[in-house]
């Protein structure tokens, strides 16, 4: 046992050189899985940060729901008027005659109220959009760093072969190498 152990130690230089040599040609599956878990966790955390909605109370949700009613009500009411005109033209004509008696200043007032309502709603939505945009832009440096870190993990990215500033060496490292066994196999298959 001592002689075999001595020969083995002379060949591989201890117990840790063989796994390191094998990892030059085939990545360590456990370490690769751990890197994959870290990458997925980072991506999921980024998605959670981007799509997280702020917590709001019941009153805010009810008011937001009520604010969404006027546009569908106006659209459906207009379609209802067309349906009423086709179903009962006399009833519809009587209602339109009643609307014809409404004084012009009242129409102006209705126009102002509707304009202010929709204008205010637009302003609230626009400000919320601007706030979300500013929040996204504030996270841009973090996203840029994450993308750079991911790019460094790619096997075919420049710098993976640590060629420094030598562009020709970088291209040579990224290019495919000749494989005599593969060429021999191709020749045998084509013959």
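Only the coordinates and a few stated rules stand behind these numbers; no lab work does. This structure is a prediction, so every number in the text was calculated from the model and none was measured.
Need one word for the chain: rounded, prolate or oblate. Basis is the Cα gyration tensor (sqrt eigenvalues a ≥ b ≥ c); a/c below 1.5 gives rounded, then a/b vs b/c decides.
prolate
At 0.36 nm per residue, and after removing the present C-alpha to C-alpha distance, how many nm does the segment from residue 93 to residue 59 gain when stretched out fully?
Value of the extension gain: 8.1 nm.
Tell me, what is the percent relative contact order of the chain, built from C-alpha pairs under 8 Å that lie six or more residues apart?
Computed value for the chain: 6 percent relative contact order.
So what's the angle, to the nearest 10 degrees on a 0 to 90 scale, between helix 180-190 and the longest Cα principal axis of the chain?
So the helix axis and the longest Cα principal axis differ by about 70 degrees.
With angles folded into 0 to 90 degrees, how steeply does helix 70-87 sit against the dominant principal axis of the chain? Use alpha carbons for both and round to 10.
Roughly 50 degrees between the two axes.
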